[in-house]
Amino acid sequence: QVQLVESGGGLVQAGGSLRLSCAASGTFFSINAMGWYRQAPGKQREVVAVIASGGTTTYADSVKGRFTISRDNAKNTVYLQMNSLKPEDTAVYYCNAQIRRSVYTVHSDYWGQGTQVTVSS
């Protein structure tokens, strides 16, 4: 059983910082890309940042220069450092990972349970 466990959400004032973590656990062969998505009330889920297995990163325009995604492959963990937070960053943040269970399977998408980030003005 593969699980993604997130931590680090919470309530912060505008201009503050938070760091999200997401660790993959269980038995699997490899992890490809890992990323963070968010969903605000009444809105569709959107991509925030993605990091490839080799370290290449992409960001949504709305977070460029403020958020940094990183990963520790030895710990099967992805991080999201969020600085200069704005009220519009308020959302449930979800971790995603493309995981290959065995050499006989392809990569499939796995999702964390979500962690609430609330930015007050």
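The values are calculated or read from the model by the stated rules, or taken from the named source; none is laboratory data. Being a predicted model, the structure only gives us computed values, none of them experimental. When we count neighbours, we look across all protein chains shown, and the Cβ atoms used for this are built from the backbone with ideal geometry, even at glycine. Remember, those area values only see protein heavy atoms, side chains included, never the ligands or the DNA or RNA. Shrake-Rupley method; radii C 1.70, N 1.55, O 1.52, S 1.80 Å.
Yes/no per residue for (1) farther than 20 Å from Val12 by Cα; (2) among the acidic types (Asp, Glu):
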position: Val48; (1), (2): no, no
position: Tyr59; (1), (2): yes, no
position: Ser70; (1), (2): yes, no
position: Asn76; (1), (2): yes, no
position: Gln81; (1), (2): no, no
position: Asp89; (1), (2): no, yes
position: Ser102; (1), (2): yes, no
position: Trp111; (1), (2): yes, no
position: Ser120; (1), (2): no, no
**Message:** So in the stretch 19-37, with the set limited to residues that are open to solvent by 20 Å² or more (accessible area, probe 1.4 Å) and part of a strand (DSSP E or B), which one is nearest to Asn76 (Cα to Cα)?
**Reply:** Ala23
**Prompt:** If a residue has to be of a type in the set (S, T, N, Q) and over 24 Å from Val119 (Cα atoms) to count, how many in the stretch 30-87 make the cut?
**Reply:** 8
**Message:** Which count do you get for residues in the stretch 72-111 that are more than 13 Å from the chain's Cα centre (by Cα) and of a type in the set (A, V, I, L, M)?
**Reply:** 5
**Asked** Name the residues in the stretch 24-74 that are more than 17 Å from Leu85 (Cα to Cα) and among the polar types (S, T, N, Q), would you?
**Response** Ser25, Thr27, Ser30, Asn32, Gln44, Ser53, Thr56, Thr57, Thr58, Ser70, Asn73
**Request:** Filter the strands (runs of 3 or more DSSP E) completely within the stretch 65-121 down to those with at least 1 residues that are touching a residue at least 24 places away in the same chain (Cβ under 8 Å) and surrounded by fewer than 20 Cβ atoms within 10 Å (Cβ to Cβ).
**Result:** 77-82, 91-100, 107-111, 115-120
